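In what follows, a structure is listed as structure tokens, so that the remarks can point back to it.
The values are calculated or read from the model by the stated rules, or taken from the named source; none is laboratory data. Just so you know, these numbers come straight off a predicted model, no measurement behind them. Don't worry about glycine lacking a Cβ; one is built from the backbone with ideal geometry, like all the others, and counts go over all protein chains shown. Accessible surface is based on the protein model in full, side chains and every heavy atom, while ligands, DNA and RNA are left aside. Shrake-Rupley method; radii C 1.70, N 1.55, O 1.52, S 1.80 Å.
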Amino acid sequence: MGRLVAIVGRPNVGKSTLFNRLTQTRTAIVDDTAGTTRDRQYGKVDWCGKEFSIVDTGGWVVNSEDIFESEINKQVHLAIEEADVVLFVVDAMNGVTDLDDHVANILRRSKKPVILVANKVDSGDWMYNVPEFYKLGLGEPFPVSSANGSGTGELLDEIVKDLPEEDTEEQNLEKIPRFAIVGRPNAGKSSIINSFIGEDRNIVTNIAGTTRDSIYTRYNKFGFDFYLVDTAGIRKKNKVNEDIEYYSVIRSIRSIEASDVCILMIDATLGIESQDVSIFSLIQRNKKGLVVCVNKWDLVADKSQAAIRHFEDAIRNRFAPFTDFPIIFGSALTKQRIFKVLETAVDVYKNRQRIIPTSQLNTYMQEVIGAYPPPANKGKYIKIKYVTMLKEQIIPTFVFFCNLPQWVKEPYRRYLENKIREKWDFSGTPINIFMREK
């Protein structure tokens, strides 16, 4: 499934700075105070044509003498189990500490590839401290400076060398559409799969985080043929005291990356929460199709049309600017409208495969562009002369040829996308729009 890299290490060694450097973003908050990172950050890295997901582990809490050691212990164990490659970050300025030794002991017993990253080598003087980390027994330390970027190229070369290749089983699964059931723990993911197939294929309890693995279930009833993927919450019931959010989202990364369409389960009794938005962001970042299923609708007292519209508006407002996706209200327990969820997921998958003939596309888009041409910039007028839709792409991709592509701004791109969606049904799927010089 998806290739995943986890960053681990004690507090204040520069994990978030390294995350921002590798993802070329400023997503993670960076501060000199130990324990700044509380929410987990997830990103994508593209290096030499190889793409992988990366997770910045954080979440250190206070008010306990031993909390750093216990939190690091949980994070490292989770990272070892789920990640394909582990980046162990240490501080070249401070040298080896007892906490570094503790993490290293766990990593040495693991079977996963571990890359030792000696961070904060901001100048040549700190290079003399790097050999000290050989005593951790994890091989050659890679000296880097997350602050100025030195050494990160060599580090990325080592990461992509250790990443696994796509396996044969995964390639065979690609021939059949895959629908991932994702959502926060206890939203009803396993229950809805059992309702779909009419049997207790997956273990279902009301304990958040019961499911251990992301399970493929073949569905070939009523003329449908696809795989359902149940996203796990946490490993075992006796370990649900571990960090459920981190574990569920790290599993969701793999399931989302391996799917074509994601069915995002939202608990109607709780409404939209930050973890729903986090998982939606993962779906968007991976450019997957989306169907939102508001589960447990049978437990809601007010089922009026006004309540439904209010709930829909709340979902679209939180997920904006992408708002063109179907929302279905149902119940996995009573099987209310659950087959509508499957039918809608199939429709979204077909929308992802839709190809618009070039002649139809140009006839319509020239009218749209003529009615509202791109705004002039510094006295220069933009003329869009031709548009085509690329075939055999992951998502619908449109290329507009014009004289000054660099002057076409994001608001006009959204205008073109909205007009395409008004004419053709691309509900639930992202659209790529590129400007190229004619």
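The table for this structure:
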| quantity | calculated |
| --- | --- |
| Residues that are modelled with pLDDT under 90, touching an Asp or Glu at 6+ places or on another chain (Cβ under 8 Å) and of a type in the set (A, V, I, L, M, F, W, C), drawn from the stretch 319-342 | Leu333 |
| Selected residue (criterion: modelled with the highest pLDDT) from residues of the stretch 260-280 that are of a type in the set (Gly, Ala, Ser) and not in a helix (DSSP H, G or I) | Ala268 |
| Residue list for the stretch 223-259, filter: in a loop (DSSP other than H, G, I, E, B) and either at pLDDT below 70 or under 22 Å from Gly43 (Cβ atoms) (or both) | Thr231, Ala232, Gly233, Ile234, Arg235, Lys236, Val240, Asn241, Glu242, Asp243, Ala258, Ser259 |
| Residue check for Gln284: farther than 12 Å from Ala268 by Cβ and either open to solvent by 60 Å² or more (accessible area, probe 1.4 Å) or among the charged types (D, E, K, R) (or both) | no |
| Subset of the stretch 381-398 (residues that are part of a strand (DSSP E or B), open to solvent by less than 10 Å² (accessible area, probe 1.4 Å) and either touching a Ser or Thr at 6+ places or on another chain (Cβ under 8 Å) or farther than 27 Å from Cys262 by Cα (or both)) | Val387, Phe398 |
| Of the criteria (1) touching a Pro at 6+ places or on another chain (Cβ under 6 Å); (2) loosely packed, with under 15 Cβ neighbours inside 10 Å; (3) not acidic (Asp, Glu), which one Asn148 fails | (1) |
| Whichever residue in the stretch 336-377 is part of a loop (DSSP other than H, G, I, E, B) and among the aliphatic types (A, V, I, L, M) and, among such residues, is most open to solvent (accessible area, probe 1.4 Å) | Ile355 |
| Residue match in the stretch 1-11 (condition: at pLDDT 85 or above, small (Gly, Ala, Ser) and in a strand (DSSP E or B)) | yes |
| The stretch 83-106: number of residues that are surrounded by fewer than 20 Cβ atoms within 10 Å (Cβ to Cβ) and either assigned to a helix (DSSP H, G or I) or at positive phi (or both) | 7 |
| Scan of the stretch 250-281 for residues that are of a type in the set (Gly, Ala, Ser), under 13 Å from the mean Cα position of the chain (by Cα) and open to solvent by 10 Å² or more (accessible area, probe 1.4 Å), ordered by number | Ser278, Ser281 |
| Filter result (farther than 30 Å from Leu342 by Cβ and either among the polar types (S, T, N, Q) or open to solvent by less than 20 Å² (accessible area, probe 1.4 Å) (or both)) within the stretch 406-432 | Gln406, Val408, Tyr412, Leu416 |
| Selection count where residues are open to solvent by less than 80 Å² (accessible area, probe 1.4 Å), out of contact with any helix residue (DSSP H, G or I) (no Cβ under 7 Å at 6 or more places or on another chain) and charged (D, E, K, R), scope the stretch 309-335 | 2 |
| Filter result for Ala306 (part of a helix (DSSP H, G or I) and either open to solvent by less than 50 Å² (accessible area, probe 1.4 Å) or within 22 Å of Thr397 (Cα to Cα) (or both)) | no |
| Qualifying positions in the stretch 388-411 - farther than 17 Å from Asn362 by Cα and not basic (Lys, Arg) | Glu392, Gln393, Ile394, Ile395, Leu404, Pro405, Gln406, Trp407, Val408, Glu410, Pro411 |
